[in-house]
Amino acid sequence: MIAKTPPPPYYAVIFTSFRTDVEAGYGNMADRMVELAAEQPGFLGVESARSGLGITVSYWESLEAIRDWKRNSEHLLAQQQGREQWYTAYHTRICKVERAYEWELPDK
């Protein structure tokens with residue numbers, strides 16, 4: 001599903017990753033992180049896809065909201081487990097969205 005975001009400006013956190021072969025607990029933790037992020041002040045939405053390379057983009061109102069999410073104790077635990085069990089590599093990039101546009105196939 002494509003996240004419904006407000007008009008810019010806002011921020012995007014782009015998390016790209018490669019996974020290990022360990023599946024145990026990953027799906028539940030990923031679902032919990034989306035649920036927990038949605039409870040955080042300043043969270044705007046999330047999009048995710050995986051086909052070898054995983055890409056998750058979360059959207060936030062401010063850099064402060066992103067900083068608070070990064071410091072969330074449950075999220076910190078998930079980050080640690082990710083490094084120990086689920087990821088062989090990941091990159092996180094934070095961007096300011098200054099312009100956005102969309103298109104959808106019209107209803108017939």
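No lab work stands behind these numbers, since they all come straight from the coordinates. Model, not experiment: these values are computed from the prediction. Please note: Cβ atoms are built from the backbone with ideal geometry, for glycine as well, and neighbour counts cover all protein chains shown.
Which of the residues spanning region 1-29 are closer than 15 Å to residue 88 by Cα and loosely packed, with under 10 Cβ neighbours inside 10 Å? Across region 1-29, the qualifying residue is only 21.
Against the test of being within 22 Å of residue 102 (Cα to Cα), polar (S, T, N, Q) and out of contact with any Asp or Glu (no Cβ under 6 Å at 6 or more places or on another chain), the options 17, 58 yield a single qualifying residue, 58.
Residue count for region 86-108 under the criterion of being within 16 Å of residue 16 (Cα to Cα) and not charged (D, E, K, R): the result is 9.
Per-residue answers, yes or no, for (1) of a type in the set (Val, Ile, Thr); (2) exposed (fewer than 12 other Cβ atoms within 10 Å of the Cβ); (3) under 24 Å from residue 1 (Cα atoms):
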| site | (1), (2), (3) |
| --- | --- |
| 44 | no, no, yes |
| 48 | no, no, yes |
| 55 | yes, no, yes |
| 71 | no, yes, no |
| 74 | no, yes, no |
| 77 | no, yes, no |
| 88 | yes, yes, no |
| 100 | no, no, yes |
| 107 | no, yes, yes |
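When you look at residue 64, is it acidic (Asp, Glu), without any contact (Cβ under 8 Å) to a residue 60 or more places away in the chain and within 23 Å of residue 21 (Cα to Cα), yes or no?
It is false that residue 64 is acidic (Asp, Glu), without any contact (Cβ under 8 Å) to a residue 60 or more places away in the chain and within 23 Å of residue 21 (Cα to Cα).
Among the strands (runs of 3 or more DSSP E) confined wholly to region 9-74, which include 3 or more residues that are over 13 Å from the mean Cα position of the chain (by Cα)?
Once the strands (runs of 3 or more DSSP E) in region 9-74 are filtered for at least 3 residues that are over 13 Å from the mean Cα position of the chain (by Cα), what remains is 10-19.
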